[in-house]
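Novice: The structure that follows is given in the form of C-alpha cells.
The values are calculated or read from the model by the stated rules, or taken from the named source; none is laboratory data. All values derive from a computational prediction rather than experimental measurement. Glycine gets a Cβ as well: all are built from the backbone with ideal geometry, and neighbour counts include every protein chain shown.
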Amino acid sequence: MKKFITRIISVSIAFLSILNLSVNADEIDDFLLKKMQDKKIPGLQIAVIKNNKIIKIENYGIANLQDNIAVTDKTVFTINSITKSFVGVAIMQLVEKGKLALSDKASSYVTDLPSTWKNITIKQLLTNTSGLPKIELGTSLISPQGAEASWGLVKTLPLAAKANTQFQYTSTNYVLLGKIITQVSGKIFTDFITQNQLRKVGMKLTESAGFAHFQGVIPHQARGYTYYFGNELTTIQYELPPFLRAAAGMNSNAKEIAQWAIALQKRELLSEPSSLKALWSPAVLDSGEMAGFDRFLNGYALGWQVIDRAEHPAIAAVGGDRSALVIYPEDNLSIVVITNLMGASPQSFIDEIASFYIPTMQAITGINISENKLKSYVGKYTFSEFNVEVELKGNRLSLLVSGEGQRPFTIYAKSDTHFFAKVIDLQVSFERKGNDVAPSLIMHQGDENYLGTRER
C-alpha cells in the first residue's frame, strides 16, 4: 500500500482561533474547544442522543486547513474501522433472514480457502479471534504487487494463533466477511450495506460519499491530518483497495451516524432483540476471558468494542484513532465524536462528555478487576487511629472505616492496585507482594497519606 504524506508548509496554532460555533456556547462547547486546543484537533463534529432523540449537533473548527474550509453540517469524514460495525449489522441482518448463522464456517461460503482456515467461524472473523494472519502491515499490504497478490500471499501464511485463543485485530477477517456478504446476499457488500442500512436510515451524505476512503473526489470530505510522523502536522492519504473497505472504507458525519445508532436501537435495522444482544456481546476466549484493545475497550463483539464495567457499561465503534460512537444502553445515551486528526482518540474523552448528561458519571468510572484479585484485598487493616474493613460486594470493593455513624462506601479501580472513591476525595492503594494477599493499604486524602497493616 503506497503512502502519500504531504507536509503542510505554514500551519500554525492560528487555526484554533477560528473555531466556529453556530449557536451560543454551552459547557460542552467549552469542554470540546479546550480539548481541541490541547490535542490540536483541526476539525470536529459531535452528536448527542438521549432517549433515542438527537439533542445536540455541533460543528467545530476546520475541515480543510489548506483552503481554510470550516466544518459544516455537510462535512463528511473518513470513519475507518467504524465501517466494521456496519459489517456486523449486515451479518446479523443476514442471520435474521436465515441466510447464515454465526457458528457457520467461513469455508461454507468462500471455497478457495486453505485447509488451516476451514473451521474458522463467521463469529470468530467478526470478533477478531480467528487467528488469521495479517494482510496488512500498518498501512501497507503484505505484497507490493497489490491487493490480489496480497490475498494470495496471506493464504499461504501460517495461522497467527489457534482460533478463539487470542484477540488479534486484522483486516484479513473483514476481507473474508466482505466476500461472505457478497456471496450470500448476491450483492457486492457495499451495495448490501447501502441498501439495507444507509437508505433505510436516510444517510444521504454517507451514501453519496460511499466506501471510497481517501480515494476519488468526495464532496465536502474533510482532509485527514496527523502528528504521528514527527511533531509537524501532516496531511495523510493512503490507498485502500476496494476489497479492504469492509474493514475501513466508509465516510460519514456525526448526524448521520447518530441517526444510524437510533435506528439500530429502535430495532429498525435488526428486528429481533436477540440480534442486538448478539451484536454487542463480547467474544469469550477458550480461556474463559474476554479480550480487547486495552483495559478500557476490554472486549470485542461483532465489529463493536465493548466497555465492560459495573457502572455505565458501554458499546463503542471506534475508527482510525480519530472517530468514535459510544452507546450507554443502561443510560439511554449515545455520543458521536468525529474528527479529522488521527491521534485525537475521542473514545478517551467521550466519558467526560457523558458526565454532562449522567449525574453519577465521572471522567474515570473504573476498570474491571478479576474477582480473585479483588478477593485478595478483602480483610481488616489497622491504622494508628482507626481500622478499615475491606469487603467484596458484587464485583466492587467496599470500605468501612471504624467509628460511630460510619457507612461503607464503594471504591473504583484505576489499575490493579490503585482505587478511588466518588463519595469523598479519597485515593486507595494496595501494596502487593507477587500474587499474595495485600499486606498493607495506603489511603491518600489531600496532602496526607495513611498506612494501614493487614490483620487478616
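Novice: Taking region 360-399, which residues are surrounded by fewer than 16 Cβ atoms within 10 Å (Cβ to Cβ) and closer than 20 Å to I46 by Cβ?
Specialist: Within region 360-399, just A363 meets the criteria.
Novice: Now for a separate question. Restricting attention to region 61-107, which residues are in contact (Cβ under 8 Å) with a residue 40 or more places away in the chain and of a type in the set (G, A, S)?
Specialist: Within region 61-107, G61, A63, A70, S81, S85, G88, A90, A106 qualify.
Novice: For A254, state whether it is farther than 17 Å from N340 by Cβ and of a type in the set (G, A, S).
Specialist: So A254 fails the test.
Novice: Okay, next question. Taking I218 and the conditions (1) more than 24 Å from Q259 (Cβ to Cβ); (2) more than 24 Å from the chain's Cα centre (by Cα); (3) β-branched (V, I, T), which numbered condition does it fall short on, given that it satisfies the others?
Specialist: Of (1) more than 24 Å from Q259 (Cβ to Cβ); (2) more than 24 Å from the chain's Cα centre (by Cα); (3) β-branched (V, I, T), only one is false for I218: (1).
Novice: Just the residues that are out of contact with any His (no Cβ under 8 Å at 6 or more places or on another chain) and over 15 Å from S348 (Cα atoms), please, taken from region 313-333.
Specialist: Across region 313-333, the qualifying residues are P329, N332, L333.
Novice: Which of the following residues is within 27 Å of E96 (Cα to Cα), over 14 Å from the mean Cα position of the chain (by Cα) and in contact (Cβ under 8 Å) with a residue 12 or more places away in the chain: P273, P313, P329, P282?
Specialist: P329
Novice: Inspect region 78-85 for any residue being among the charged types (D, E, K, R) and either surrounded by fewer than 22 Cβ atoms within 10 Å (Cβ to Cβ) or out of contact with any helix residue (DSSP H, G or I) (no Cβ under 7 Å at 6 or more places or on another chain) (or both) and give the result as yes or no.
Specialist: No: zero hits.
Novice: How many of the residues making up region 388-423 are closer than 20 Å to H312 by Cβ and of a type in the set (A, V, I, L, M, F, W, C)?
Specialist: Total satisfying the criteria: 8.
So that you can scan it fast, the table gives a plain yes or no per residue for (1) within 14 Å of Y377 (Cβ to Cβ); (2) modelled with pLDDT of 85 or more; (3) under 30 Å from the mean Cα position of the chain (by Cα); (4) not polar (S, T, N, Q):
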{"residue": "S402", "(1), (2), (3), (4)": "no, yes, no, no"}
{"residue": "F409", "(1), (2), (3), (4)": "no, yes, no, yes"}
{"residue": "Y412", "(1), (2), (3), (4)": "yes, no, yes, yes"}
{"residue": "I424", "(1), (2), (3), (4)": "no, no, no, yes"}
{"residue": "S440", "(1), (2), (3), (4)": "yes, yes, no, no"}
{"residue": "D447", "(1), (2), (3), (4)": "no, no, no, yes"}
{"residue": "R456", "(1), (2), (3), (4)": "yes, no, no, yes"}
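Novice: Name every residue in region 249-277 that is closer than 19 Å to T127 by Cα and in contact with a Phe, Trp or Tyr (Cβ under 8 Å, 6 or more places away or on another chain), in order of residue number.
Specialist: G249 - this is the single residue of region 249-277 that is closer than 19 Å to T127 by Cα and in contact with a Phe, Trp or Tyr (Cβ under 8 Å, 6 or more places away or on another chain).
Novice: Looking at the structure I just gave you, is N387 within 17 Å of A310 (Cβ to Cβ) and in contact (Cβ under 8 Å) with a residue 40 or more places away in the chain?
Specialist: In short, no.
Novice: Filter region 295-322 down to residues that are in a strand (DSSP E or B), among the polar types (S, T, N, Q) and more than 28 Å from P42 (Cα to Cα), then give me how many there are.
Specialist: Residues meeting the conditions: 0.
Novice: Here's another thing I want to ask about it. What number of residues within region 252-286 are over 28 Å from F214 (Cβ atoms) and aromatic (F, W, Y)?
Specialist: Here the count works out to 1.
Novice: Still on this structure: What number of residues within region 394-418 satisfy the criterion of being in contact with a strand residue (DSSP E or B) (Cβ under 8 Å, 6 or more places away or on another chain), in contact (Cβ under 8 Å) with a residue 12 or more places away in the chain and in a loop (DSSP other than H, G, I, E, B)?
Specialist: Of the residues in region 394-418, 4 are in contact with a strand residue (DSSP E or B) (Cβ under 8 Å, 6 or more places away or on another chain), in contact (Cβ under 8 Å) with a residue 12 or more places away in the chain and in a loop (DSSP other than H, G, I, E, B).
Novice: Of all residues being in contact (Cβ under 8 Å) with a residue 40 or more places away in the chain and out of contact with any strand residue (DSSP E or B) (no Cβ under 9 Å at 6 or more places or on another chain) in region 256-268, which is surrounded by the fewest Cβ atoms within 10 Å (Cβ to Cβ)? Just the residue, please.
Specialist: Restricting to residues being in contact (Cβ under 8 Å) with a residue 40 or more places away in the chain and out of contact with any strand residue (DSSP E or B) (no Cβ under 9 Å at 6 or more places or on another chain), the top hit is K266.
Novice: Separate question: Of the residues S275, S271, only one is at pLDDT 95 or above, surrounded by fewer than 18 Cβ atoms within 10 Å (Cβ to Cβ) and among the hydroxyl-bearing types (S, T, Y); which?
Specialist: S271
Novice: Let me confirm something: among L132, L126, L141, L137, which residue is surrounded by 20 or more Cβ atoms within 10 Å (Cβ to Cβ) and over 21 Å from L302 (Cβ atoms)?
Specialist: L141
Novice: Within region 366-377, does at least one residue satisfy the condition of being within 30 Å of L264 (Cβ to Cβ), charged (D, E, K, R) and either out of contact with any His (no Cβ under 8 Å at 6 or more places or on another chain) or modelled with pLDDT of 90 or more (or both)?
Specialist: No: region 366-377 contains no residue that is within 30 Å of L264 (Cβ to Cβ), charged (D, E, K, R) and either out of contact with any His (no Cβ under 8 Å at 6 or more places or on another chain) or modelled with pLDDT of 90 or more (or both).
Novice: T206 passes all but one of (1) β-branched (V, I, T); (2) more than 22 Å from G303 (Cβ to Cβ); (3) at pLDDT 85 or above; which number fails?
Specialist: With respect to (1) β-branched (V, I, T); (2) more than 22 Å from G303 (Cβ to Cβ); (3) at pLDDT 85 or above, T206 is out only on (2).
Novice: Going by the structure shown, is S429 at pLDDT 85 or above, of a type in the set (G, A, S), more than 16 Å from K375 (Cβ to Cβ) and over 34 Å from the mean Cα position of the chain (by Cα)?
Specialist: no
Novice: Which residues, counting only those in region 323-358, are in a strand (DSSP E or B) and among the polar types (S, T, N, Q)?
Specialist: S323, S334, T339
Novice: So which residues in region 173-225 are surrounded by 20 or more Cβ atoms within 10 Å (Cβ to Cβ), within 20 Å of L244 (Cβ to Cβ) and either aromatic (F, W, Y) or in contact with a Gly (Cβ under 6 Å, 6 or more places away or on another chain) (or both)?
Specialist: Correct list: Y174, F189, F192, F211, H213.
Novice: I'd like the full set of residues that are basic (K, R) and touching a residue at least 60 places away in the same chain (Cβ under 8 Å), limited to region 39-60.
Specialist: Passing the criteria: K39, K40, K50, K53.
Novice: Considering every residue within region 278-296, establish whether at least one is in contact with a Phe, Trp or Tyr (Cβ under 6 Å, 6 or more places away or on another chain), under 26 Å from N52 (Cβ atoms) and either modelled with pLDDT under 95 or acidic (D, E) (or both).
Specialist: Checked against the condition, which is being in contact with a Phe, Trp or Tyr (Cβ under 6 Å, 6 or more places away or on another chain), under 26 Å from N52 (Cβ atoms) and either modelled with pLDDT under 95 or acidic (D, E) (or both), region 278-296 yields no hits at all.
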